[in-house]
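Read-outs: derived from the displayed coordinates by stated rules, not from any lab. Keep in mind the model is a prediction, meaning the values are calculated, not measured. FYI the Cβ positions are ideal-geometry reconstructions off the backbone, even for glycines, and counts take in every protein chain you see.
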Amino acid sequence: MKKLPHIHKVQELVYELKIRDAAHETVTISPETMMSQVRQILRSKKITAAPVVGDNKLLGIVSVEDYINWVQDGGEDVPVSQRMSRDLVTLFEDEAMVDAIKDFDRYKYYEFPVLSRSSGELIGIVTRFDVIASLLKALDIDYYRKEISQYQRTNFFQETVSESTFLTFNYTVAGGEIGRGGEVASKLKKNLSYLGIHPEVIRRVAIVTYEAEMNLIIYGGGGQVKADLDCQKITVTVSDDGPGIDDVEKVMQPGFSTAPDWIRELGFGAGMGLPNIKNNSEQLSIDSKPGKGTRLKAIILWRCGRDGEPGDESETVAVPGKDGEVADETKESVGGLISDLGAGGDA
Amino acid sequence: MAKYFSVQDLLTTLEAEILLDDGWIRDRICCVCASDLHSDIMAHSRPNSLLLTGLTTPQVIRTAEMAEMAAVCFIHGKMPHKETIELARKNQMPLVISPLSMYDACGRLHAAGLPSRDDIS
């Protein structure tokens with residue numbers, strides 16, 4: 001059986017909402033009203049039953065069924081007090097909605113009079129339709145609140161007033177614990193998802209972080225993972241004090257790996273980690289020297305405010321080229337940065 | 001036009017059984033990624049794919065999470081580690097087991113018309 005989250009919400013609501021949230025005011029009839037007038041009253045108000053009230057007390061209810069029975073019995077004109085239903089099931093206004101639902105199920109009535117618990121006076125009437133309508137309204141309000149809250153999170157960077165806003169997530173990764181690899185990437189992924197960032201951007205950040213995190217565990221002996229968000233980019237910085245890298249250019253080659261066999265048996269160490277990081281980021285720099293640790297910095301572009309979409313380099317930095325083509329300058333500068341990797345990058 | 005597979009079609013084709021699913025499995029799966037290398041899964045997959053793999057450690061769930069796989073199918077009837085199932089439960093990642101080999105599983109899915117990543121425009 002599939003679980004439907006909105007059903008759970010309804011189950012909560014039937015306990016949260018009170019009968020008074022669904023009840024509506026209704027016309028009442030005095031006990032002296034004649035049966036011959038009932039048809040016209042019910043018809044003009046488009047209702048199927050009306051409570052009979054005298055001295056502010058509910059005395060009974062007169063329904064279409066009572067009227068039909070009266071006609072069948074000869075139609076002798078008498079006050080409604082003689083033909084109304086006296087055997088009433090009523091609800092108190094402060095009861096939970098679930099009580100009304102149970103009573104509809106149990107008694108098969110179409111409506112119940114609703115009374116004030118303190119005074120016993122009639123407050124209104126509640127029908128099956130009222131219950132459904134009030135639940136739908138509550139669900140709609142709940143949905144609207146969620147939408148607002150999502151909007152506020154998604155637009156965090158735009159709504160925050162400052163010259164520049166940064167959001168930083170910091171994590172520490174323990175070395176050697178390969179079984180915990182991916183915990184940090186998973187946490188970061190959930191945070192970005194909470195902020196309403198576009199799934200495509202999140203996937204790239206998650207892959208970059210996960211690959212770097214595994215490297216940190218396998219080769220770096222643990223270290224720090226930091227993600228800095230601003231309105232244009234997500235910068236993932238992963239640093240360790242491990243053995244460092246001899247030849248950064250070499251480790252960037254697809255398939256190059258120094259992983260021991262046991263790591264390979266676990267499905268890692270195929271020499272695709274850094275190429276994967278490079279492919280999923282707009283800028284990548286690695287600063288490493290043997291014995292001095294490694295610092296990797298990857299930048300993934302995005303645009304805040306536009307549903308957290310991926311960043312489009314051409315939109316902000318492109319200049320018109322010959323023949324109406326758009327020359328993308330950023331691509332070149334990114335290429336330049338990557339080719340600088342051997343020199344230690346800009347970290 | 002991409003053809004989507006229903007979960008039931010996939011299970012039948014792979015003679016597979018559901019190991020873990022609590023209403024998470026999506027009814028439409030776009031494509032298949034078959035690999036035993038974590039980095040390859042992330043480099044060569046599309047979101048909402050079925051991952052066919054012989055990897056059974058918890059890391060495969062992490063990898064499937066990052067690459068946004070729709071479900072993980074263990075081949076050769078391999079039962080994943082207990083920790084793997086626990087992590088999958090936490091991350092709401094559906095798990096299925098097929099008795100077929102990787103070769104047979106891929107062959108059958110391909111013959112049944114499930115496109116590879118590159119066939120989808």
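Here are the numbers for this structure:
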| quantity | calculated |
| --- | --- |
| Exposure proxy ranking, count of Cβ atoms within 10 Å, fewest first, for A:I178, A:I217, B:I75 | A:I178, B:I75, A:I217 |
| Highest-MSF residue in chain A out of A:Q152, A:Q253, A:Q82 [GNM, Cα springs under 10 Å] | A:Q82 |
| Burial ordering of A:I263, A:I123, fewest other beta-carbon atoms within 10 Å first | A:I263, A:I123 |
| Cα-based shape type of region A:5-136, given that a ≥ b ≥ c are square roots of the gyration tensor eigenvalues and the cut on a/c is 1.5 | prolate |
| Contact order relative to length of region B:2-100, as percent, for alpha carbon pairs under 8 angstrom and 6 or more apart | 31 |
| Longest exposed-site-free window of chain B, the sites being trypsin sites (Lys or Arg not before Pro) in a DSSP loop that have at most 16 other C-beta atoms within 10 Å | B:27-77 |
| Per-residue Cβ neighbour rank within 10 angstrom, fewest leading, A:E32, B:E65 | A:E32, B:E65 |
| Lys, Arg +1 and Asp, Glu -1 on Cβ, resulting dipole of region B:18-69 about Cα centre, debye, nearest 20 | 120 |
| Gyration tensor (alpha-carbon) shape descriptor, region B:5-119, a/c threshold 1.5 | rounded |
| Between region A:204-267 and region A:33-59, the Cα center-to-center distance that results, in Å | 78 |
| Antiparallel bridges, percent of DSSP beta bridges restricted to chain B (to nearest 5) | 30 |
| Within a Gaussian network of chain B (alpha carbon springs, distance under 10 Å), most fluctuating of B:L51, B:L37, B:L14 | B:L37 |
| For the protein assembly as shown: rounded, prolate or oblate by the Cα gyration tensor [a/c cutoff 1.5] | prolate |
| Bridge type composition, chain A - antiparallel percent by DSSP, nearest 5 | 95 |
| Relative contact order computed over region A:251-304 (Cα-Cα under 8 Å; 6+ residues apart), in percent | 26 |
| Helix-only [θ]222 nm of chain B, DSSP H runs n ≥ 4, -39500 (n - 2.57) each, per residue, nearest 500 | -9000 deg cm²/dmol |
| Positive dipole terminus of chain A, leading residue within A:H24, A:Y194, A:G54 (C-beta point charges) | A:G54 |
| Selection from A:G124, A:S281, A:I263, by position along the positive dipole direction of chain A (Cβ) | A:G124 |
| For chain A, calculated [θ]222 nm from helices alone, where every DSSP H run of n ≥ 4 adds -39500 (n - 2.57) | -11500 deg cm²/dmol |
| Peptide-level mean, for A:274-286, of C-beta atoms on other protein chains within 10 Å | 1 |
| DSSP H segments from chain A that extend 20 Å or more along their own axis, Cα-based, with Kyte-Doolittle mean of 1.0 or above | none |
| Dipole of chain A, positive end: most advanced residue of A:G223, A:G182, A:A100 [Cβ charges, Cα centre] | A:A100 |
| Residues with amide H under 5 Å from that of B:L52, placed H, sequence gap 5 or more | B:C33, B:A34, B:S35, B:C73 |
